[in-house]
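Report on one structure; see the data block that follows.
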Amino acid sequence: MARTSACGARLLVDSVGIRLRSDRTVLEVRGEDRVGWLNGQITNDIRALKPGEAIYALATTVKGKVLADLWVAATKDALLGFLPAMAAQAVIESFDKYLVMEEVELVPRNDLGVICLQGPAAARMIDTLPKHSEHYPCDDLGTGGYYVLCPRESAHPVMRELAQQARGLSGGQVQECDWELARVRLGVPEFGADFDLDNYPQEAGLARALSFSKGCYLGQEVVCMLDSRGRVHRRLARLTLRIDGSGALPAAGEALQDEQGKTAGRLTSVVRDPETGEGLAFGYVKSAAEREGSTLRAGQAQVRVGAVVA
């Protein structure tokens with residue numbers, strides 16, 4: 001029987017949760033010029049990566065908007081990009097456009113599956129992985145984590161085997177609803193839900209994906225300008241929703257309104273915390289209404305603005 005959302009979410013914070021990241025695809029970047037070239041396409045600095053290491057970054061447009069987030073991992077003779085499947089084609093097309101004379105080859109690895117080990121006990125599982133398995137430190141939720149690569153056709157059996165091992169560490173397999181509850185509790189936005197091509201990195205609180213000392217990359221001028229200016233018109237904030245009785249929570253996408261009924265933002269992710277009964281959410285809040293502790297409304301729900309995502 002599947003764990004409840006609350007129990008599954010706690011695994012990702014207290015022990016280790018195993019999840020097949022079917023929403024991720026792998027792009028292999030080969031060739032002698034791969035490091036310098038890819039470093040000019042993404043927001044973080046990959047030049048010091050050693051084989052087996054990984055770093056979080058963004059692919060941005062020339063206007064500084066977020067094309068996708070990704071983890072970049074180094075192998076002995078290639079770089080691997082772990083991309084949101086929904087954005088993979090757009091990223092590949094953008095990368096390909098900026099390939100001129102460089103010795104670089106972009107190879108979609110549709111043959112590979114990505115399994116996520118997430119939580120403080122994830123590191124204890126690494127020694128039990130098959131000897132020649134590929135694994136990289138990709139910490140999605142800030143609690144410690146790894147991505148394990150395997151042939152796509154064997155991903156489900158491998159995941160079940162890893163889940164069995166995780167139970168020895170008081171962990172186990174988690175469902176998408178567990179992941180959603182955990183990430184909203186922890187304040188971790190997700191591409192496609194909380195940020196996308198409509199957003200600048202600073203709006204979505206994606207500072208950990210940015211380097212301001214690496215040199216030029218696509219969209220750098222705009223990203224650096226926004227950082228030096230220190231202000232954007234809206235920012236992603238953590239929200240608490242309260243409704244009278246047992247009414248339904250407002251849906252993602254619903255407008256946020258201030259006391260005068262003016263639009264002050266919109267919801268992006270909404271979950272109900274089964275332990276408290278409260279609604280938890282992310283939402284973009286205009287700068288005039290982003291003060292922590294201020295109150296807004298979304299439909300019939302009272303919305304308390306928490307800290308902006310950082």
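The values are calculated or read from the model by the stated rules, or taken from the named source; none is laboratory data. What you are looking at is a predicted structure, and each value in this text was computed from that prediction instead of being measured. Methodologically, a virtual Cβ is constructed for each residue, glycine included, from the backbone with ideal geometry; neighbour enumeration extends over all protein chains shown. These area figures cover heavy atoms from the full protein model, side chains too; ligands, DNA and RNA do not enter into them. Shrake-Rupley method; radii C 1.70, N 1.55, O 1.52, S 1.80 Å.
Here R183, R160 are screened, and the one residue that is open to solvent by 30 Å² or more (accessible area, probe 1.4 Å) and charged (D, E, K, R) is R160.
Can you confirm whether region 194-203 contains a residue that is out of contact with any Cys (no Cβ under 7 Å at 6 or more places or on another chain) and free of Cβ contacts under 8 Å to residues at least 40 places away in the same chain? For region 194-203, residues out of contact with any Cys (no Cβ under 7 Å at 6 or more places or on another chain) and free of Cβ contacts under 8 Å to residues at least 40 places away in the same chain: present. Taken over region 187-208, the criterion of being within 22 Å of A48 (Cα to Cα) and buried (at least 19 other Cβ atoms within 10 Å of the Cβ) is satisfied by L206 alone.
Taking residues in region 246-273 that are modelled with pLDDT under 95 and among the charged types (D, E, K, R), and partners anywhere that are in a loop (DSSP other than H, G, I, E, B) and open to solvent by 50 Å² or more (accessible area, probe 1.4 Å), the pairs with Cβ atoms closer than 8 Å and at least 6 places apart or on different chains are R272/E278. Within region 68-83, residues that are more than 12 Å from V114 (Cβ to Cβ) have Cβ atoms under 6 Å from residues that are modelled with pLDDT of 95 or more and of a type in the set (D, E, K, R) in these pairs: A74/E53; A78/E28; A78/R30; L79/R34, counting only partners at least 6 apart in sequence or on another chain. Just checking, which of P130, P120 is at pLDDT below 95, more than 17 Å from the chain's Cα centre (by Cα) and either closer than 19 Å to A9 by Cβ or not in a strand (DSSP E or B) (or both)? None of the other options fit; the residue is P130. Total residues in region 226-255 satisfying the condition of being touching a Pro at 6+ places or on another chain (Cβ under 9 Å) and either of a type in the set (V, I, T) or under 20 Å from A288 (Cβ atoms) (or both): the figure is 3. The criterion of at least 2 residues that are open to solvent by 10 Å² or more (accessible area, probe 1.4 Å) and farther than 30 Å from S213 by Cα is met by the following strands (runs of 3 or more DSSP E) wholly inside region 223-304: 234-242, 255-257, 263-272, 295-298.
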